[in-house]
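Undergrad: For reference, the structure I am asking about is given below.
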Amino acid sequence: MKGPFVSSNAEKMNVRLFKPSLGQEELLAVQDCFERSWIGLGPRVNEFENAWKAFLGCNEAIALNSATAALHLALAVFRFSEGKKVLVPSLTFASTATAVLYNRLEPVFVDSDPITLGMDLSDLDKKYDRDCVAVMPVHYAGHPVDMEKLVPWARERKLKIIEDCAHTSGSEYKGTPLGLWGDISCFSFEEKKLMTTGDGGMMCSNDVDLLKDVRAMRWVGIDKDNWKSAQAYTDANKDAMHWFYELSVLGYKYNMNDLAASVGIVQLGKLPEMNQRRSEILKHYMNGISNDSSILPLLPYRPDQYAYQIFGVRTPNRDEFIIHLKSRGVATGCHYTPLSLQPLFREFASDCHYIEEEINRCVTLPLHPDLTDSEVEYVLEGIRDFCRS
Ligand SMILES: Cc1ncc(COP(=O)(O)O)c(C=O)c1O
């Protein structure tokens, strides 16, 4: 057991694990919504969708209240028969697999690649059977799954591909943006992600027809934006039926609102700069830990190529390491308990022995654009001190 941190010349800091990077511009954008007095589903949502379409280079983008909602609807649009199977990584956040259950489908958990911790493609092949209808690769921490191999493998088997892009925004893999490799992609703007709207998500595709019902599905089944009805009400030339709508699909209350979208528009403008800062921090960390073999980077990070949401390390003494950093005021985490170990998914358990063991060596360290160089140095000092003791 390592001893408690004793401050010598350095003051004890409190270093956050994640933090949204927000400023005056976001505040002004929200203020503008207040002044227009339209804070629900409105024109800012439309504006954000158009900005995102241009940013990703896709034909359709629909803003939702979360990536969880996006993943749910992404599977729903295919109307798969109940009980069919969907291949998901064991190492992911709950939502990738709960989306499968929401659709009355069965998750099949795939083990992690030992190097990237993304889906292990040989285990994917082993777990596949003829009941599988879709695969949901997660670009874990922001590191791309090898889509160049996964996509033709999935196409040969007629599997739909839903990319869970919750940890990435603005990265390309082999010349194609992450989020444009599959049939549908789902991005997250929850507060810890590369950019934020508080909570929010975006569902994207190049196949406009595939997403044709999603605007209704996000708005309790109503295929008509209510802000457009409100506009029609004040248009003297419109008839008396401006209020009319039909329900023809089962919908949910999953829309993004104008408050969130107005923050999203500003954040999207700042995304390249925020991603750049994340990359600088990552390089600082990598240089700082490269000399010590007992603490290894979690992934083969390539900060010049990809934007990362998670920086972490692998250590045989995970719990001691966490306690050591905690005593110094450095927040840590572990992303995630593999879903194949979760009680909710017990009935779908399958062999994911690599990640179920390896996760006991994985620790997430602070990473967000507002992290200062001295905070990173402070975390590194904590790591060095741990290695010395
Ligand atoms: C891999 C992954 N997928 C999906 C989600 C769900 O995102 P949201 O919080 O926007 O619903 C998360 C959130 O942490 C995630 O990490």
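The values are calculated or read from the model by the stated rules, or taken from the named source; none is laboratory data. As the structure is a prediction and not an experimental result, all values here were calculated from the model. Cβ atoms come from the backbone with ideal geometry, glycine included; neighbour counts cover every protein chain shown.
The rows are residues; the columns are (1) modelled with pLDDT under 95; (2) not in a helix (DSSP H, G or I).
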site	(1), (2)
6	yes, yes
12	yes, yes
33	no, no
38	yes, yes
51	no, no
78	no, yes
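Undergrad: Consider the range 114-128. How many of its residues are among the aliphatic types (A, V, I, L, M) and within 14 Å of the ligand (Cβ to nearest atom)? Don't jump to the end; show me each part of the working.
TA: Residues of the range 114-128 that are among the aliphatic types (A, V, I, L, M), as a first pass: 115, 117, 119, 121, 124.
Next cut, within 14 Å of the ligand (Cβ to nearest atom) only: 117, 119.
Result for the range 114-128: 2.
Undergrad: Take the range 196-210 and flag every residue that is among the hydrophobic types (A, V, I, L, M, F, W, C) and away from the ligand (no atom under 16 Å from the Cβ). It would help to see each step written out before you state the result.
TA: From the range 196-210, those among the hydrophobic types (A, V, I, L, M, F, W, C) are 202-204, 208, 210; that's our starting set.
Of everything in the range 196-210, those that are among the hydrophobic types (A, V, I, L, M, F, W, C) and away from the ligand (no atom under 16 Å from the Cβ) turn out to be 208, 210.
Undergrad: Taking the stated definitions as given, is residue 266 touching a strand residue (DSSP E or B) at 6+ places or on another chain (Cβ under 9 Å) and either modelled with pLDDT under 95 or outside any loop (DSSP other than H, G, I, E, B) (or both)?
TA: Working: touching a strand residue (DSSP E or B) at 6+ places or on another chain (Cβ under 9 Å): no; either modelled with pLDDT under 95 or outside any loop (DSSP other than H, G, I, E, B) (or both): yes.
It is false that residue 266 is touching a strand residue (DSSP E or B) at 6+ places or on another chain (Cβ under 9 Å) and either modelled with pLDDT under 95 or outside any loop (DSSP other than H, G, I, E, B) (or both).
Undergrad: Then there is this: Scan (1) under 19 Å from residue 266 (Cα atoms); (2) exposed (fewer than 15 other Cβ atoms within 10 Å of the Cβ) for the single condition residue 83 breaks and write down its number.
TA: (1)
Undergrad: Count, please, the residues in the range 88-102 that happen to be crowded, with 23+ Cβ neighbours inside 10 Å and more than 20 Å from residue 334 (Cβ to Cβ).
TA: Selection size over the range 88-102: 2.
Undergrad: Tell me the residue from 131, 111 that is more than 16 Å from the ligand (Cβ to nearest atom) and crowded, with 23+ Cβ neighbours inside 10 Å, please. Don't jump to the end; show me each part of the working.
TA: Numbers: 131 fails: crowded, with 23+ Cβ neighbours inside 10 Å.
Answer to the selection: 111.
Undergrad: A follow-up question, please. If I filter the range 211-225 for residues that are part of a strand (DSSP E or B), more than 12 Å from the ligand (Cβ to nearest atom) and exposed (fewer than 14 other Cβ atoms within 10 Å of the Cβ), do I get at least one hit? I'd like the intermediate steps shown before the answer.
TA: Going residue by residue through the range 211-225, those that are part of a strand (DSSP E or B) are 219, 222.
Going one step further and asking which of them are more than 12 Å from the ligand (Cβ to nearest atom), we end up with 219, 222.
Next cut, exposed (fewer than 14 other Cβ atoms within 10 Å of the Cβ) only: none.
No, the range 211-225 has no match at all.
Undergrad: Tell me whether the range 61-74 contains one or more residues that are more than 12 Å from the ligand (Cβ to nearest atom) and more than 17 Å from the chain's Cα centre (by Cα).
TA: No, every residue in the range 61-74 fails to be more than 12 Å from the ligand (Cβ to nearest atom) and more than 17 Å from the chain's Cα centre (by Cα).
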